[in-house]
Each structure stands twice: as structure tokens, then as C-alpha cells.
1. Check off (1) more than 15 Å from the ligand (Cβ to nearest atom); (2) crowded, with 21+ Cβ neighbours inside 10 Å; (3) at positive phi for residue 57 and give me the number that stays unchecked.
2. Tell me whether the stretch 361-368 contains one or more residues that are closer than 30 Å to residue 319 by Cβ, surrounded by 13 or more Cβ atoms within 10 Å (Cβ to Cβ) and β-branched (Val, Ile, Thr).
3. One residue is enough: does the stretch 114-126 have a residue meeting the conditions under 28 Å from residue 190 (Cα atoms) and within 13 Å of the ligand (Cβ to nearest atom)?
4. Would it be correct to say that residue 355 is under 23 Å from the mean Cα position of the chain (by Cα), open to solvent by less than 30 Å² (accessible area, probe 1.4 Å) and hydrophobic (A, V, I, L, M, F, W, C)?
5. Could you list all residues from the stretch 298-316 that are more than 7 Å from the ligand (Cβ to nearest atom) and either closer than 22 Å to residue 133 by Cβ or in contact (Cβ under 8 Å) with a residue 60 or more places away in the chain (or both)?
6. Can you tell me which residue among 192, 153 is within 15 Å of the ligand (Cβ to nearest atom), at pLDDT 95 or above and open to solvent by 20 Å² or more (accessible area, probe 1.4 Å)?
7. Which condition number in (1) touching a Phe, Trp or Tyr at 6+ places or on another chain (Cβ under 6 Å); (2) part of a strand (DSSP E or B) is the one that residue 282 fails?
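The values are calculated or read from the model by the stated rules, or taken from the named source; none is laboratory data. Keep in mind that this is a model prediction, so the values were computed, not measured. Backbone-built Cβ (ideal geometry, glycine too); neighbour counts: all protein chains shown. SASA here: full protein model, heavy atoms, side chains in, ligands and nucleic acids out. Shrake-Rupley method; radii C 1.70, N 1.55, O 1.52, S 1.80 Å.
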Amino acid sequence: MDDILIVGGGIGGLTLGLALHAAGIPCRIFESAAEVRPIGVGINLLPHATKELAALGLEPALAKIAIETRDATFFNRFGQLIYQEPLGRAAGYEQPQFSIHRGDLQMALLDAFRTRAGADRVVTNHHCIGVEQDSSGVSVHFSDGPGGANRTTVRGRAAIACDGINSAVRKQFFPDEGEPRYSGINMWRGVTRWPPMLSGASMVRAGWMSHGKMVIYPIRAAGADGLQLVNWVAEIETPVYRKRDWNRPGSIDDFIGPFSDWHFDWLDVPAFIRAADSVLEFPMIDQDPLPRWSFDRVTLLGDAAHPMVPRGSNGAGQAILDARTLTSALLEHADPAAALAAYEKQRLEATTRIVLTNRSNPPDAILREVFERTHDKPFAAIDDVISRDELVAFSEGYKRIAGYSKEALRG
Ligand SMILES: Cc1cc2nc3c(=O)[nH]c(=O)nc-3n(C[C@H](O)[C@H](O)[C@H](O)COP(=O)(O)OP(=O)(O)OC[C@H]3O[C@@H](n4cnc5c(N)ncnc54)[C@H](O)[C@@H]3O)c2cc1C
């Protein structure tokens, strides 16, 4: 009855569980899936997120399974270098930037939570179908999996909806919200086993979305065969897309056309795409920021609260920051409704700015700028197109808005 009920055992829910447990606040995590399996492809954890995970004692475990990303490197679609900057510790941060398989991250968080809080604190096969509350607590109603016939109700002190972009709780509070906002860009995501390229820990962005853009970065260290697991995303402007589903298989022939002549000295892109283990298709979508997340003893966290287009490597990180802020608020306020209101006050405006900036001026705006100034032609020298100072200003501007400038993290 005194538990905080966490709905959803993804990145946000598990981090919240770990943070609450560390603060001595009892909680339980209810996950829709019958079993938590390592699903997904790559995710980035920027220094503001790794700082929070380090505070939870997780950095050594993550360092073993992630790639410590060293640089961001931007090319045009002719393979010409536009800009490179160091990242994470290589850039002088106290914290690393990690690129990691989402499944590896989720399993590391789950293992840590089960070990620390007890395996019975994660309850699977519990798909939330609604919440109710009164002055003494909250009741969360579950079915056994999506569409399941068996119903149970669990009572707790507060309920935190960490149930991702298809959040059932968000739908309950905002029934008229409508479909997500399609950005006009469709994505094909995959992983390929490939020898290290560039620094071996580079985050590459190349091309521009009207003609095809690629994001490429390694997420697992090379094994005995010398091959890293390398995550990639192809992004193409198109009115054609299919409903969001994290696990929808994609077809290489649907998107390889624009990349067919991308033979660079640092990577043969078509060969790299064709060597993929698997391909998934997902529309680039988000939702308009909400006016509120907290309703007395119930609130939203992570993608349930602020789904954003993945152009700032920031979705998982913002869920992790939410978890820390909410934990502090619950420690500070005995009344859960006051805590949830304080959490919303700290995080809603900050994440709204990021959702909107990800639409207009995320880090890949550098590519748009060069694409427009060169009219999509090769350049003789990048300095003729754009100055180093302008490039740095683009990059630093985003870091400030997303909350991971070096000054902010030192504070
Ligand atoms: C299967 C899957 C694959 C993904 N793959 C990628 C990827 O490759 N790259 C990337 O950048 N991001 C991926 N994401 C999204 C990424 O994890 C989030 O954007 C980010 O980490 C924020 O985390 P979150 O905890 O808010 O949401 P999520 O990590 O999406 O977690 C939501 C959790 O809630 C559970 N859930 C959903 N509905 C209910 C319900 N009604 N009741 C109970 N539990 C529920 C889900 O099963 C999931 O475990 C994926 C998400 C999922 C669910």
C-alpha cells in the first residue's frame, strides 16, 4: 500500500526504480511484457545521463557493455568532412558519453534493480489499463498483457506512468490527443557487424534528409573476429510511413536507393547496409508538449510524458533525468501530490524546450546548413561554406538547451 507503483519497466521505469530504492522509498515495477527481453537497437547516453547513472553506481557495469563514444563527426553525402568535435571525457567532461544497445542497457538496469530491491519488486505480464485515485491512495488496473482477459488491481501511494510512447495512462488523461505528429521523415534502423571505422568510437552523421541521411555509431566492442556491433539509422523525407511499432521489420530495398553511391574511404555504405543483421522501420514522430503531466497521485515520466524525435540522442537521457528529479521531489515532500507537482514544475518546461528544439535545430542542423549553402554540391573547402565558429555555435547551442553543457554539469 505504501509502494510507489511504477508502470513500465523500460529505461525510465527501471532507472526510477533504482533511484527510489537508493533513496529508501519502496516501489514496485509493473511491466506489460511477459518477460523483459533485450529489444531495440542503439541508444546514446549523453554526459548528463551518465552522471545520474554513475550516482546510482552503474558506471562500471555500463562501461563493460557500452562503447565510450569519443567524437561526433559530420559529413556531406559526398563523404566530405564538415565538422568533428570530441565528446564525453575526450571533450573534457567528467562523465563519459556511452553508445549502447538498448537491450543491454535495459538488462543492466533490470539486473541491478532485481539484485538491490529484490526480484519480486518487478512484476511482469501486468499491462496497465487505467488508474483511479482517492485521498488515501491510487489503484492501478492491469490485464495480463495487452488485450488480456484477467484483471488485477494494485493499490499504492502514487503511480508513475513510464509506459513509453504508447502510454495508456497518458491516453486516459488526454483522450482527445489524437495521433502522433509525423515529422515527414521515415527511419530504417539496424545493426551491422563491421570492423571499427574512423576513431572506432565515432558518432557519424552524414547527408541530409531530403536526399537521405545516415547516423552510424558502434554500440558493442569488437569480439575475437575484430567486428564491432554498429548501430545505424537511415532517415529519408517521405510522406509514406506506417504506424509506429518498435519491432516492425523493414526492407532494405525500400531505402537503399539514395545511399547506393555512398562509397567513402571510411565506409562503403551500401555494403554496410546490406550486411545488416536485421532492419527495422519506424516513423520519426513526436507529440506536442502537454500542458501538465501530474494529476494528484499520478504522473507521467520519460516517453509517456515527452516523446521527442530522436535527433538529439536525448530520449533515454531525459527519462533518466526525470527519474532523478522525481525521486528528489518524493524525498522532499511527504505529500505525494505535492511531490508530483514539484517534479512537473522542474521538468515540464525543460523537456518542452527539447521536444521543440529537436524539431527545428538539433545537432544535425549543421548538415542542413551545409546542404543549403552548397545547394547539395561538393565543396572545395569547408571554410568557404561555413566557419568553424558557426559550427561550434550550432553544437554548443543544443548542449545548453538539452542541459549537458560542460558548465551545467559542473554545477
Ligand atoms: C521495444 C522497444 C524498443 C526500442 N528501441 C529503441 C531503439 O532501438 N533506439 C532508441 O533510441 N529507442 C528505442 N526505444 C525507446 C527508448 O527506450 C525510449 O525512447 C527512451 O529510452 C525512454 O524510455 P521510457 O522508459 O520512457 O520508454 P521505453 O523504454 O519505451 O519503456 C516503456 C516500457 O513500458 C512498457 N509498457 C508499455 N505499455 C505498458 C502498459 N500499458 N503497462 C505496463 N507496461 C507498459 C513497455 O513494454 C516498456 O518496457 C525502444 C522502446 C521499446 C519499448
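1. (2)
2. Scanning the stretch 361-368 turns up at least one residue that is closer than 30 Å to residue 319 by Cβ, surrounded by 13 or more Cβ atoms within 10 Å (Cβ to Cβ) and β-branched (Val, Ile, Thr).
3. Among the residues of the stretch 114-126, at least one is under 28 Å from residue 190 (Cα atoms) and within 13 Å of the ligand (Cβ to nearest atom), which makes the answer yes.
4. Yes: the conditions hold for residue 355.
5. Those that are more than 7 Å from the ligand (Cβ to nearest atom) and either closer than 22 Å to residue 133 by Cβ or in contact (Cβ under 8 Å) with a residue 60 or more places away in the chain (or both): 298, 299, 300, 305, 307, 309, 312, 313, 314.
6. 153
7. Residue 282 satisfies every listed condition except (1).
Per-residue answers, yes or no, for (1) farther than 24 Å from residue 337 by Cα; (2) over 17 Å from the mean Cα position of the chain (by Cα); (3) not basic (Lys, Arg):
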position: 20; (1), (2), (3): no, yes, yes
position: 31; (1), (2), (3): no, yes, yes
position: 51; (1), (2), (3): yes, no, no
position: 64; (1), (2), (3): yes, yes, no
position: 70; (1), (2), (3): yes, yes, no
position: 94; (1), (2), (3): yes, yes, yes
position: 118; (1), (2), (3): yes, yes, yes
